[in-house]
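Novice: Okay, here's the structure, questions in a sec.
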Amino acid sequence: MIFNMTGGGSGGAALNFEVVGGTTQPVSPKENTIWVNTDQEITSWIFSATEPETPEEGMVWIFNGTSSIVEFNALKMNGIQVYPISAKQYVGGALVDKTAKSYQGGEWVEWIFDITILSPTVDETGGWNWYESGSPASATKNSDGSWSLYRTTGPGYLFRTKNVWDLTGYSILRVSLSNAVEDAIGVVTASTASVSNALAQMLVTGSGTYDVDISAFNGLHAVAINKNYNGSGHSVKITEIKLIV
Amino acid sequence: MGKIYIDSECKCHTTNPDGSFREVTLSEKAQAFFTNKCKTFIEGHRYCPEGESYTREDGKVFYGECAVPWKPYDELDAAQREYERQLLKEYEAALSKIEAALEV
């Protein structure tokens, strides 16, 4: 559920939380207290999936997504679930990024600005895998947690992750890989098991960490790697995939 | 399509009325990306050639070669689907005329 909700200062009688500022972490906070690390007075706040059109000086805009590690029920009575992802404050005529934390379950929880969806340390149980057609393409998980995507004949082949992620609020797809040869990284729609074209793509060759601009996407999408065929059997090794705000 | 116009932010344009855009040759993969796409879809994307970069409005720099939307993708997708629906109507109308002419 996406909606706009506004409030002034630190809270309201019907609300199940408060928004506080300051550069020092609050002492003895209530459950769901949101601390925005800022030295500017917070004059008001808004939960919204879109940038406020006419912000006032000091307003904090809390980007409300469709999932969050600090989601909570915003009201004391009826439930309105909110999904904070990031915070910005209107200062000097511009929205400025601010870090934020939520007090939940007796501890401060940092708002994650990125999601690591593949790394050697991430537990991929739960169906994380690549769609593969078998011969002449294969996806193999290596002992170090990386994935090798292999293509034995032409033309190129689009691998997509079986899992999908809500890209709302994320602006960068970051992929670390090695041994690429004019392969493409990007995103595809989540609605089909096999697609012929990525919705956004970047061509890469060699090894490194590459960023794709995914700021125009909302909703569920899969990560895609279009494995090029360069005349002989060849694999690209994927070591990390992240979604970054 | 083998070529496209891009501006200083790598945003795509299908025409160059005042000559202020740069004409670039699309790579084979980029051609596949943009072929059979309507004007709205194309002009809602950026194309950054290999070896170049663009700076997004928030200051983040991205490097080519890449083809990515800069307008909300949902809008571009809706425009492309409508374009394809109109094409289909035209094809069906043309087919009907042919059938009528052949009296089949």
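Novice: Mind checking which residues of the stretch A:126-170 are touching an Asp or Glu at 6+ places or on another chain (Cβ under 7 Å) and either modelled with pLDDT under 70 or not hydroxyl-bearing (Ser, Thr, Tyr) (or both)?
Specialist: First, pick out the residues of the stretch A:126-170 that are touching an Asp or Glu at 6+ places or on another chain (Cβ under 7 Å): A:138-139, A:159.
Of everything in the stretch A:126-170, those that are touching an Asp or Glu at 6+ places or on another chain (Cβ under 7 Å) and either modelled with pLDDT under 70 or not hydroxyl-bearing (Ser, Thr, Tyr) (or both) turn out to be A:Ala139, A:Phe159.
Novice: Does B:Ile98 satisfy the condition of being farther than 23 Å from A:Tyr210 by Cβ, touching a strand residue (DSSP E or B) at 6+ places or on another chain (Cβ under 8 Å) and more than 8 Å from chain A (Cβ to nearest Cβ)?
Specialist: Details: farther than 23 Å from A:Tyr210 by Cβ: yes; touching a strand residue (DSSP E or B) at 6+ places or on another chain (Cβ under 8 Å): no; more than 8 Å from chain A (Cβ to nearest Cβ): yes.
Spelling it out, it is not the case that B:Ile98 is farther than 23 Å from A:Tyr210 by Cβ, touching a strand residue (DSSP E or B) at 6+ places or on another chain (Cβ under 8 Å) and more than 8 Å from chain A (Cβ to nearest Cβ).
Novice: When B:Gly2 is evaluated against the numbered criteria (1) within 14 Å of the chain's Cα centre (by Cα); (2) loosely packed, with under 14 Cβ neighbours inside 10 Å; (3) within 14 Å of chain A (Cβ to nearest Cβ), which criterion, by number, is the only one it fails?
Specialist: For B:Gly2, the exception is condition (3).
Novice: Looking only at residues in the stretch B:30-63 that are in contact (Cβ under 8 Å) with a residue 24 or more places away in the chain and among the charged types (D, E, K, R), which one is surrounded by the fewest Cβ atoms within 10 Å (Cβ to Cβ)? Walk me through how you get there before you give the answer.
Specialist: In the first step, residues of the stretch B:30-63 are kept if they are in contact (Cβ under 8 Å) with a residue 24 or more places away in the chain; the result is B:30-31, B:33-35, B:37-49, B:52, B:54-55.
In the following step, the residues that additionally are among the charged types (D, E, K, R) were identified as B:37, B:39, B:43, B:46, B:52.
Values: B:Lys37: 20, B:Lys39: 13, B:Glu43: 19, B:Arg46: 23, B:Glu52: 15.
So, considering only residues that are in contact (Cβ under 8 Å) with a residue 24 or more places away in the chain and among the charged types (D, E, K, R), the one surrounded by the fewest Cβ atoms within 10 Å (Cβ to Cβ) is B:Lys39.
Novice: Being modelled with pLDDT of 95 or more and more than 17 Å from A:Val245 (Cβ to Cβ): is that true of A:Thr54 here? Break it down stepwise before answering.
Specialist: On the way: modelled with pLDDT of 95 or more: no; more than 17 Å from A:Val245 (Cβ to Cβ): yes.
Answer is no for this residue.
Novice: Looking at the stretch A:25-60, which of its residues are in a loop (DSSP other than H, G, I, E, B), within 25 Å of the chain's Cα centre (by Cα) and hydrophobic (A, V, I, L, M, F, W, C)?
Specialist: The one that is in a loop (DSSP other than H, G, I, E, B), within 25 Å of the chain's Cα centre (by Cα) and hydrophobic (A, V, I, L, M, F, W, C): A:Ala49.
Novice: Only one of B:Glu23, B:Glu9 is farther than 18 Å from A:Leu199 by Cα, in contact (Cβ under 8 Å) with a residue 24 or more places away in the chain, more than 11 Å from every other protein chain (Cβ to nearest Cβ) and out of contact with any Cys (no Cβ under 6 Å at 6 or more places or on another chain). Can you tell me which? Can you show your working first?
Specialist: Values: B:Glu23 fails: in contact (Cβ under 8 Å) with a residue 24 or more places away in the chain.
Going through B:Glu23, B:Glu9 in turn, just one is farther than 18 Å from A:Leu199 by Cα, in contact (Cβ under 8 Å) with a residue 24 or more places away in the chain, more than 11 Å from every other protein chain (Cβ to nearest Cβ) and out of contact with any Cys (no Cβ under 6 Å at 6 or more places or on another chain): B:Glu9.
Novice: Looking at B:Thr25, B:Thr40 in this structure, which one is more than 30 Å from A:Leu95 (Cα to Cα) and among the hydroxyl-bearing types (Ser, Thr, Tyr)?
Specialist: B:Thr25 is the lone residue from the list that is more than 30 Å from A:Leu95 (Cα to Cα) and among the hydroxyl-bearing types (Ser, Thr, Tyr).
Novice: Among the residues of the stretch B:5-29, write down those that are on the phi > 0 side of the Ramachandran plot and surrounded by 14 or more Cβ atoms within 10 Å (Cβ to Cβ). I'd like the intermediate steps shown before the answer.
Specialist: So the first thing to find is which residues in the stretch B:5-29 are on the phi > 0 side of the Ramachandran plot, and the list is B:10, B:19.
The one that is on the phi > 0 side of the Ramachandran plot and surrounded by 14 or more Cβ atoms within 10 Å (Cβ to Cβ): B:Cys10.
Novice: Evaluate the following for B:Ala78: is it more than 11 Å from chain A (Cβ to nearest Cβ) and within 20 Å of A:Leu167 (Cβ to Cβ)?
Specialist: Working: more than 11 Å from chain A (Cβ to nearest Cβ): yes; within 20 Å of A:Leu167 (Cβ to Cβ): yes.
The answer is yes for B:Ala78.
Novice: Restricting to the stretch A:71-85, count the residues that are free of Cβ contacts under 8 Å to residues at least 40 places away in the same chain and either within 22 Å of the chain's Cα centre (by Cα) or not in a loop (DSSP other than H, G, I, E, B) (or both). Steps first, answer last, please.
Specialist: Our first condition is that a residue be free of Cβ contacts under 8 Å to residues at least 40 places away in the same chain; within the stretch A:71-85, this holds for A:71, A:78-79, A:83.
Then drop every residue that is not either within 22 Å of the chain's Cα centre (by Cα) or not in a loop (DSSP other than H, G, I, E, B) (or both), which leaves A:71, A:83.
Total satisfying the criteria: 2.
Novice: Tell me which residues, restricted to the stretch A:197-220, are without any contact (Cβ under 8 Å) to a residue 40 or more places away in the chain, facing chain B (nearest Cβ under 7 Å) and under 17 Å from B:Lys60 (Cβ atoms). Show your work before the answer.
Specialist: Initially, the stretch A:197-220 is screened for residues without any contact (Cβ under 8 Å) to a residue 40 or more places away in the chain, giving A:197, A:199-211, A:216.
Filter once more, so that each one left must be facing chain B (nearest Cβ under 7 Å): A:197, A:199-203, A:211, A:216.
A:Ala200, A:Met202, A:Asp211, A:Ala216, listed by residue number.
The values are calculated or read from the model by the stated rules, or taken from the named source; none is laboratory data. What you see is a predicted model; the values in this text were computed from it and never measured. Ideal geometry is used to build each Cβ from the backbone, glycine not excepted, and the neighbour counts take in all protein chains shown.
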